[in-house]
Amino acid sequence: MTALQRLWRTRIGRLTLVIGAVAAALFALSGLVSAQVALPEAVSEQGDDIRALFFVILAVGVIVFLIVEAMIIWVVFRYKRKSDDELPTQIGHNTTAEILWTGIPLVIVVVLFFASFFVLQDVQAGADSDEDVTVVDVQGRQWAWAFNYAVPLGTSLAESISNDPAQTEIMLEDPSLVVPFMTLKLGVEHMRVVARTGDVVTVERAVNGTVPIRHSAGTLVLRSFNGTETVAEGRLQAADNTPIVTVPVGQMIRFNIASADVLHAFYTPQFLTKLDAVPGRVQTLWVRITEAGVFQSQCAEFCGRDHARMIFSVEAMAQDDYDAWFENKAGSAPEPVEGDFGGEQEVEQEEGAVGNPINGQNLFFAMGCNVCHGDQGEGLVGPTIAMTVVPLDRVIQQYREPLEAMTAFPPDQISDEEIADVYAWLQTVERPPVAQEIPSKLAELIAAGG
């Protein structure tokens, strides 16, 4: 008589077999095998390493499970008591068995530890020093994604600057290349140009969720631009604008991931890894994609009401296609601009500008300006524009011929007078404090014992 037949002859045995068969059928029919157990096919070199490690650990786990279960079943039937008078022989100590059941798991754990350690080292390893790298700055915020790229501006810092966010006046070797609304990039820090007076450029530091960092004289200044594109039909119902991050196949990609508000997570299932977007930090994810295609992605950290709709797509292109896309998206280099803009003198002149704030507020929402700049002009994907110090004529020019990713507004959509109304309303809205000032104020309170 087989073990299965002996198990079937008992009531508990029959119940166990029936429940097991029903559970297995439900498990298979529900599709959970493919949806939850099987990993997606990796489309990156790092994902291949993670996938291989997963199946090694899974194989070890299955082998250990089968051995343990087989021994349990063998003990149950081998030492089953047939009557109250028959008791199995009691064994108090077995040195060989104790060494085996301690030593074998220890060896397995040590082997898996080192295998995981070396795979993690490979996954987190950056590009070689002489290797071309595509850098994408990822900004997560409730509840959208923005993907920024950068190209050399053709100038560099004339003097060093500290990591103090209060240092907002910087010197460039050629400041005539900067214009209002332009976002400068030094390393991973972003600075938005606010004003220029003579050789002094006033900036708002550490925008787009980055942090202020010390930079030495001679540091190359890049011109950051928003490379986010969208697809009209989202993966979720009512997700009309799914952001797309565009990257090349075969080249190492560095994602600099930051958050402007709360904790998010940058997650593409086919990468087989994710990285959190943490407020006040910039974290780096290295990926080399091996296949062209569009890969659905999402925020994998609960971040509030619309977390489920915080989705995006990764579009991987062949290198030639990506180069053409990048050249078209980056546009031509800016022409030198003579004179000053946004200085104190211009601000005083603009304070008396004619405009209807009430109509401007209505237009601000009717034109959808709040979608990018926030309901109070505090800045979202777009820059902070409350109490802007940029002169009105420059603002009108930005509406007509926008820099970066802003949509152009022709005169038949909004007139110069109506732009002046919006401008007048923005002058009445209090400018929010710079986010980086908050930690410094907390530090002052702690130092003072407050």
Discussion item. Just checking, does the range 191-203 include any residue being touching a Pro at 6+ places or on another chain (Cβ under 9 Å), surrounded by 15 or more Cβ atoms within 10 Å (Cβ to Cβ) and either within 24 Å of Gly126 (Cβ to Cβ) or among the aromatic types (Phe, Trp, Tyr) (or both)?
Written reply: no
Fill in: Boolean, Thr155 is closer than 28 Å to Tyr322 by Cβ, part of a loop (DSSP other than H, G, I, E, B) and either among the aliphatic types (A, V, I, L, M) or in contact (Cβ under 8 Å) with a residue 24 or more places away in the chain (or both)
no
Worksheet item: Applying the selection to the range 126-180, what residues are under 14 Å from Val193 (Cα atoms) and among the hydroxyl-bearing types (Ser, Thr, Tyr)?
Response: Thr168, Ser176
Response to the item:
Only unsatisfied item for Cys299, checking (1) open to solvent by less than 40 Å² (accessible area, probe 1.4 Å); (2) at pLDDT below 90, is (2)
Practice prompt. Could you tell me whether any residue of the range 115-130 is out of contact with any strand residue (DSSP E or B) (no Cβ under 7 Å at 6 or more places or on another chain) and of a type in the set (Val, Ile, Thr)?
Written response: yes
Item to complete: Search the range 83-102 for residues that are more than 25 Å from Phe65 (Cα to Cα) and pair each with any residue that is in a loop (DSSP other than H, G, I, E, B) and modelled with pLDDT under 80 when their beta-carbon atoms are under 6 Å apart and the residues are at least 6 apart or on different chains.
Response: Pro88/Tyr79
Fill in: Hey, Thr183 in contact with a helix residue (DSSP H, G or I) (Cβ under 9 Å, 6 or more places away or on another chain), surrounded by 17 or more Cβ atoms within 10 Å (Cβ to Cβ) and in contact (Cβ under 8 Å) with a residue 24 or more places away in the chain or not
no
Discussion item. Any residue that is assigned by TED's automatic domain parsing to the domain that holds Val207, of a type in the set (Ser, Thr, Tyr) and more than 12 Å from the chain's Cα centre (by Cα) - is there at least one of those in the range 279-298?
Written reply: yes
Response to the item:
Selection from the range 204-221 of residues more than 21 Å from the chain's Cα centre (by Cα) and either surrounded by fewer than 21 Cβ atoms within 10 Å (Cβ to Cβ) or over 28 Å from Tyr322 (Cβ atoms) (or both) yields Glu204, Arg214, His215, Ser216, Ala217, Gly218, Thr219, Leu220
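The values are calculated or read from the model by the stated rules, or taken from the named source; none is laboratory data. Small disclaimer: the values here were computed from a predicted structure and weren't measured. Cβ sites come from the backbone with ideal geometry, for glycine too, and all protein chains shown count toward neighbours. Protein only, heavy atoms only, side chains kept; ligands, DNA and RNA dropped before computing areas. Shrake-Rupley method; radii C 1.70, N 1.55, O 1.52, S 1.80 Å.
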